[in-house]
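**Q** Right, I'll just put the structure down here and ask away after.
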Amino acid sequence: MKFIELKQHLLSKTYSSAYVVYGEDDSVIELATNLFKKQIEGFQDFNIISFDSKETEVQKIIDACNTLPLMANFKLV
């Protein structure tokens, strides 16, 4: 999905189970990531977890995805 479509999709608050953000333009990736971060309303320090996929074991990412959000409806990994 294109960035504009993603923005409209998130504004509608009809979220999918998972999203993968990728591409060649780092600035667009950062804008998309910030859109996701805005969806997390409470306890962002606990409900937003980021990894560098090149340096992180896959199991750590899976474990983070399997934990529930803290006092919020959603969690961003």
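The values are calculated or read from the model by the stated rules, or taken from the named source; none is laboratory data. Keep in mind the model is a prediction, meaning the values are calculated, not measured. Cβ atoms come from the backbone with ideal geometry, glycine included; neighbour counts cover every protein chain shown. With ligands, DNA and RNA removed, areas are computed over all heavy atoms of the protein, side chains included. Shrake-Rupley method; radii C 1.70, N 1.55, O 1.52, S 1.80 Å.
**Q** Run lengths n ≥ 4 of DSSP H only: what is the helix-derived mean residue ellipticity at 222 nm for the chain, with -39500 (n - 2.57) per run over all residues, to the nearest 500?
**A** -12500 deg cm²/dmol
**Q** Under 22 Å from the Cα of K60, which lysines turn up, not counting those fewer than eight places away in the same chain?
**A** Qualifying lysines at Cα under 22 Å: K37, K75.
**Q** While we're looking at this one, here's another question. How charged is the neighbourhood of N73? Take every other residue with its Cβ under 15 Å from the Cβ of N73, and add Lys/Arg as +1 and Asp/Glu as -1.
**A** +3
**Q** How large is the translational diffusion coefficient of the chain in µm² per second when you combine the Kirkwood radius over alpha carbon pairs with Stokes-Einstein at 25 °C and 0.890 mPa s? Write down the numbers at each step before the final one.
**A** Values: Rh = 13.5 Å.
Here the translational diffusion coefficient equals 182 µm²/s.
**Q** Per residue, how much accessible area does the chain have with a 1.4 Å probe, in Å²?
**A** Using a 1.4 Å probe on heavy atoms only, each residue of the chain averages 83 Å².
**Q** Roughly to the nearest percent, how much of the accessible area of the chain is carbon and sulfur, given a 1.4 Å probe?
**A** Result for the chain: 54 percent of the exposed heavy-atom area is carbon or sulfur.
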